[in-house]
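Here's the structure we're looking at; comments come further down.
Just so it is clear, none of the values below were taken in a lab; they were calculated from the coordinates. Everything quoted here is computed from the prediction, not taken from an experiment. Glycine gets a Cβ as well: all are built from the backbone with ideal geometry, and neighbour counts include every protein chain shown.
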Amino acid sequence: MAIQEITAHPGARSQLMAGLQDILPLAVGVAVYGLAFGLLAAQAQMSGLQTGVMGTIVFAGSSQIIAVERLVAGASAGAALLAGLALNLRLLLISASLRDELAGRPWWQILLGVHLATDENWALMHAKRARGNSVGYWYLVGGGLGLVAVWVLATVAGASFATAVPEPRALGMDFAFTAAFIAILRSLWSGSAMLLPWGGSVAIVLLAGLLTPLDPTWTLILGGLGGAAIAGVLNND
Amino acid sequence: MTETWPLILGLAAATFTVRLSGYLLGRRLPDHGPWARGLQALPGCLILSLVTYLLMQGGPQEWAAGATALVVAMLSRSLPLTMAAGIAAIFLLRAYY
């Protein structure tokens with residue numbers, strides 16, 4: 001890792017291209033989910049235009065799925081919005097952790113960066129960095145641009161050709177992101193100092209999931225914050 | 001549906017507000033000491049929480065496929081290979097067990 005740290009920071013353009021390239025396998029998974037979301041959008045009688053606009057300006061897949069599912073189930077726009085928003089509270093933590101990447105950048109880059117940060121490209125950036133590559137803002141943006149393009153194309157295609165779309169589960173594709181995040185965790189593991197924070201996160205999610213009626217969104221946030229708090233309190237610098 | 005455009009615009013505004021608030025919050029935290037250590041550990045803890053939750057939702061087949069993905073991740077350190085192995089494992093497990 002020390003050797004790579006000495007090498008110069010790659011330029012914005014090459015980072016953008018690297019981000020685009022590395023996101024490809026994840027984008028395949030996103031495409032499958034995009035098709036599935038398009039199917040749901042068609043059930044909500046959303047047009048291709050509405051589906052495309054939603055994908056571009058919301059750009060948070062799981063919250064779009066929940067919100068439109070609520071709409072199909074007969075909920076009001078307000079109730080659907082709240083359900084989607086609850087799922088997005090996780091994004092608060094993601095953009096909080098982008099502090100160093102965004103520091104000192106002009107406002108348009110900050111706005112672009114926070115909008116394009118999703119679980120996938122954000123996690124990928126951290127995994128890449130944990131392996132000694134000095135990637136940052138433009139790598140994240142490159143991955144985000146790739147994802148937004150694939151997400152919009154796939155959701156609009158799904159909404160337009162709803163009857164021809166297969167279920168992700170039938171192809172085993174529902175497991176795509178679980179496997180991807182396992183690979184990313186392997187890259188983020190940096191030694192025994194992480195044992196307690198990570199163990200704490202797992203324990204919190206298991207306990208909250210098994211013993212309390214908490215909504216999954218809150219369980220995730222508690223698990224993430226709990227592990228981070230343990231890491232903060234432990235002084236192993 | 002007349003509810004569609006309000007939902008799209010409302011959810012977009014709310015989501016962007018959450019994203020921007022996260023940045024503004026992160027910027028106000030000190031850059032060394034416990035807060036900085038916590039913020040640095042946050043990505044791994046959040047992703048691990050997500051994986052734990054996803055595996056909890058599944059059963060023995062998902063756990064076995066997760067274990068397969070973990071072994072491939074540890075041996076190969078490759079994202080595409082790990083995804084391919086996980087998807088293949090869950091597909092085969094569901095088809096034959």
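What to note about this one:
- FRET efficiency, 1/(1 + (r/R0)^6) with R0 30 Å, evaluated for A:Arg131 and A:Leu210 via beta carbons: 0.30
- Between A:Gln45 and A:Glu167, the FRET efficiency from the beta-carbon distance, with R0 = 25 Å, is close to 0.75.
- Full extension of the chain between B:Ser21 and B:Tyr97 gives 22.7 nm of extra length, using 0.36 nm per residue less the Cα-Cα distance.
- In order through segment B:83-97: 3J(HN,Hα) via Karplus (6.51 cos²θ - 1.76 cosθ + 1.60), integer Hz, x for Gly, Pro: 4, 4, 5, x, 5, 4, 5, 5, 5, 5, 4, 6, 6, 10, 10
- Considering only B:Thr68, B:Thr15, B:Thr82, the Gaussian network model of chain B with Cα springs below 10 Å gives its largest mean-square fluctuation to B:Thr15.
- Measure of compaction for segment A:191-237 (Cα Rg per 2.2 N^0.38 Å): 1.19
- Exercise: per-residue mean of other protein chain Cβ atoms within 10 Å, A:113-120: 3
- Scalar couplings 3J(HN,Hα) for segment A:96-106, obtained by applying the Karplus form with A = 6.51, B = -1.76, C = 1.60 to θ = phi - 60°, are 4, 7, 8, 3, 5, 5, 9, 4, x, 8, x Hz; x denotes Gly and Pro.
- The label-point distance for A:Leu234 and A:Gln21, in a model that sets each label 7 Å from Cα toward Cβ, rounds to 3.6 nm.
- Trypsin sites (Lys or Arg not before Pro) within segment A:79-181: DSSP coil, no more than 15 neighbouring Cβ in 10 Å: A:Arg131
- Calculated [222 nm] ellipticity per residue, helices only, for chain A: -23000 deg cm²/dmol; basis is -39500 (n - 2.57) per DSSP H run with n ≥ 4, divided by all residues, nearest 500.
- Projecting the alpha carbon convex hull of the protein assembly as shown along each direction and taking the average yields 17.1 nm².
- Per-residue [θ]222 nm for chain B (sum of -39500 (n - 2.57) over DSSP H runs n ≥ 4, rounded to 500): -30000 deg cm²/dmol
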